[in-house]
Amino acid sequence: QVQLVESGGGLVQAGGSLRLSCAASGRTFSSYAVGWFRQAPGKEREFVAGINWSGGSTYHADSVKGRFTISRDNDENTAHLQMNSLKPEDTALYYCAAGRGTYYRTNAFNYWGQGTQVTVSS
């Protein structure tokens with residue numbers, strides 16, 4: 001019911017910023033929670049942030065809290081991850097995901113985009 005396409009990744013120096021976007025198709029997008037995940041080589045996939053269907057509630061992992069902000073615009077069928085003060089350890093493939101579960105639970109998400117690469121140099 002939902003197709004997701006990420007964009008906005010790239011190469012940035014430590015301390016810089018990137019804004020990732022997730023474009024969704026599907027008439028029921030506004031009823032889905034959205035999450036951002038990342039996975040770096042040799043590491044487990046990490047739940048970075050989540051947002052509920054209305055955008056009124058968010059979750060951010062401790063590793064990114066205060067630096068990253070998840071948001072969504074249901075009128076545009078988009079979600080975003082604003083990433084500030086980037087660190088080399090933020091380097092990963094970032095995925096947008098959606099699902100009907102609770103926004104702060106990792107098992108809430110069953111629809112996935114292809115990912116966009118974020119590389120932070122020091």
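Run the dipole for the range 13-78 about the Cα centre, Lys and Arg Cβ at +1, Asp and Glu Cβ at -1, nothing else charged, and hand back the magnitude in debye, nearest 20. If you can, show how the numbers build up before the last one.
Values: 8 positive and 6 negative charges, 31 e Å.
With only Lys, Arg, Asp and Glu charged at Cβ, the dipole is about 160 debye.
Within the chain, which is the longest segment containing none of the trypsin sites (Lys or Arg not before Pro) that sit in a DSSP loop and have at most 15 other Cβ atoms within 10 Å? Don't skip to the answer; put the middle values down first.
Numbers: sites that count: R27, K43, R45, R67, R100, R105.
Value returned for the longest uninterrupted segment is 68-99.
What does DSSP give for the chain in terms of the percent of beta bridges that are antiparallel, rounded to the nearest 5?
In the chain, DSSP labels about 90 percent of beta bridges as antiparallel.
Rounded to the nearest whole Hz, the Karplus-based 3J(HN,Hα) values (6.51 cos²θ - 1.76 cosθ + 1.60, θ = phi - 60°) of the range 77-89 follow the sequence 6, 9, 10, 9, 10, 7, 10, 10, 6, 5, 10, x, 5, with x at glycine and proline. Measuring gaps between exposed loop sites in the chain (GluC sites (Glu not before Pro); DSSP loop; at most 15 other Cβ atoms within 10 Å), the longest gap, sites not included, is 77-122.
Which value, in debye to the nearest 20, describes the size of the charge dipole of the chain about its Cα centre when Lys and Arg Cβ atoms bear +1, Asp and Glu Cβ atoms bear -1, and nothing else is charged?
On the way: 11 positive and 9 negative charges, 32 e Å.
The calculated dipole for the chain is roughly 160 debye.
Quick note: the coordinates plus some simple rules give every number you see, no bench work behind them. For clarity, every value in this text was computed on a predicted model and none was experimentally measured. Positions of Cβ are backbone-derived with ideal geometry, glycine not excepted, and every protein chain shown enters the neighbour counts.
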